[in-house]
Amino acid sequence: AKSNGLNMFRFFQSDMHHSKLQRLKLETDLQRAIGNQELEVYFQPQIHIESGHLYGVEALLRWHHPNLGMVPPSKFIPLAEECGMICRLDLWVLESACRMYSKWQSQHIDMGKISVNMSAANFYSFKFAESIESTLKKFGVNPKMLTLEITESVLLTDIPGISQELGKLRELGVNLSVDDFGTGYSSLSYLKKLPINEIKLDKNFINDVDSNSEDQALVGSIINIGQILKHTVVAEGVETKEQLQTLKALGCNVAQGYLHARPMPEQALIDWYHQDTA
Ligand code: C2E
Ligand code: CA
Ligand code: CA
Ligand code: CA
């Protein structure tokens, strides 16, 4: 038994060592990924529930690793946040999304709003609003067509100057959305304080919304709060017709999820768009 324990110890030790090395490797790989064209922006449509029309698209980052294949964002976004690369990644996504958006405009393709995720670190950087503004100008994108998705946990953290930066963006016309709404802790007071105009209900609330009466009441209440504050309410992770019907009855504005379309590369999005509007 003693030698067995020792083996176990060695096993764990080498395993831990291994995963640390793997992380380090992944980090250097990520540094290289931008220049190497391993990153790609996918887009997922958002549908206006009442009309069935396209409301917008969310940009979601994908990493095609040369050896590992597709690395999911749940693996590399936290890594990028830890190693201080996330601002560069988010800016790269914003630039790519704006570049494509202006190309779509020139081809008379109306994708509605374009939504980009912004991690917390961006808000610690000086002149955040200005860098967003200059990117929009560079690509000739109307600020009213851009939505920045900011996770609720960021808005609940007391980042110095964040409400001023957000205020500047709202004045420009940029839309501000609370991502993963309902997953942070309770205080709702920030909803009144911060200049946001959209909330995105986390998928966790949507999963059983058609069958679970508690979830239904909760989602209904959140939608009511959204209506009172005149925010657009977007439900994420809508997979079934039943969920959509329930959300519609509860007054939810926009649905995003596999029911309508999965996140897809740009060309697939354009094909989807032409099929949908044909
Ligand atoms: P999120 O912002 O909450 O994005 C929604 C996630 O749910 C996406 O996962 C999307 O593909 C997935 N999803 C959409 N509809 C459905 C559905 O009907 N069913 C299921 N099961 N899933 C659905 P994804 O693309 O893997 O991204 C995961 C997370 O990574 C995102 O969560 C976001 O927090 C982060 N992320 C992705 N791209 C970026 C980026 O460019 N910057 C930053 N900072 N974070 C990003
Ligand atoms: Ca999001
Ligand atoms: Ca989410
Ligand atoms: Ca998220």
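Scanning segment 67-91 for residues that are in a helix (DSSP H, G or I) and either within 16 Å of ligand 4 (Cβ to nearest atom) or surrounded by fewer than 16 Cβ atoms within 10 Å (Cβ to Cβ) (or both) yields a total of 14. Residue 252 meets the conditions (1) farther than 18 Å from residue 177 by Cα; (2) part of a loop (DSSP other than H, G, I, E, B) in every case but one. The failed one is (1).
Checking each residue in segment 209-254 for being in contact with a strand residue (DSSP E or B) (Cβ under 9 Å, 6 or more places away or on another chain) and surrounded by fewer than 17 Cβ atoms within 10 Å (Cβ to Cβ) picks out 225, 227, 229, 248, 251.
Looking at segment 150-172, can you tell me whether even one residue there is within 15 Å of ligand 1 (Cβ to nearest atom), modelled with pLDDT of 95 or more, under 22 Å from residue 59 (Cα atoms) and not hydroxyl-bearing (Ser, Thr, Tyr)? Looking through segment 150-172, none of the residues is within 15 Å of ligand 1 (Cβ to nearest atom), modelled with pLDDT of 95 or more, under 22 Å from residue 59 (Cα atoms) and not hydroxyl-bearing (Ser, Thr, Tyr). With respect to the conditions (1) of a type outside the set (A, V, I, L, M, F, W, C); (2) under 28 Å from residue 252 (Cβ atoms); (3) in a helix (DSSP H, G or I); (4) over 19 Å from the mean Cα position of the chain (by Cα), residue 105 falls short on a single one, namely (2).
The set of residues in segment 106-121 being among the hydrophobic types (A, V, I, L, M, F, W, C) and either without any contact (Cβ under 8 Å) to a residue 24 or more places away in the chain or more than 15 Å from residue 175 (Cα to Cα) (or both) consists of 109, 111, 120, 121. Any residue in segment 117-133 that is in contact with an Asp or Glu (Cβ under 9 Å, 6 or more places away or on another chain), closer than 27 Å to residue 274 by Cα, of a type in the set (S, T, N, Q) and within 16 Å of ligand 2 (Cβ to nearest atom)? Yes - at least one qualifying residue is present in segment 117-133. Of the residues 3, 19, 74, only one is modelled with pLDDT under 95, closer than 24 Å to residue 258 by Cβ and among the hydroxyl-bearing types (Ser, Thr, Tyr); which? Result: 74 is the single residue among 3, 19, 74 that is modelled with pLDDT under 95, closer than 24 Å to residue 258 by Cβ and among the hydroxyl-bearing types (Ser, Thr, Tyr).
Within segment 125-140, residues that are closer than 10 Å to residue 98 by Cβ and modelled with pLDDT of 95 or more reach partners that are among the polar types (S, T, N, Q) and not in a helix (DSSP H, G or I) with beta carbons closer than 9 Å, at six or more positions or on different chains, in the pairs 136/142. Counting only helices (runs of 4 or more DSSP H) that sit wholly inside segment 114-210, not one has at least 2 residues that are of a type in the set (Gly, Ala, Ser) and closer than 30 Å to residue 258 by Cβ. Could you tell me whether segment 215-234 includes any residue that is β-branched (Val, Ile, Thr) and free of Cβ contacts under 8 Å to residues at least 24 places away in the same chain? Within segment 215-234, one or more residues are β-branched (Val, Ile, Thr) and free of Cβ contacts under 8 Å to residues at least 24 places away in the same chain. The residue list 40, 50, 27 contains one member that is away from ligand 2 (no atom under 16 Å from the Cβ) and exposed (fewer than 13 other Cβ atoms within 10 Å of the Cβ), which is 50. Pairing each residue of segment 189-204 that is away from ligand 4 (no atom under 16 Å from the Cβ) and at pLDDT 85 or above with any residue that is assigned to a strand (DSSP E or B) and not hydrophobic (A, V, I, L, M, F, W, C), provided the two are 6+ apart or on different chains, yields C-beta distances under 7 Å for 197/175; 197/232.
The values are calculated or read from the model by the stated rules, or taken from the named source; none is laboratory data. Because the structure is a prediction, the values reported are computed rather than measured. All Cβ positions, even for glycine, are placed from backbone atoms using ideal geometry, and neighbour counts span all protein chains on display.
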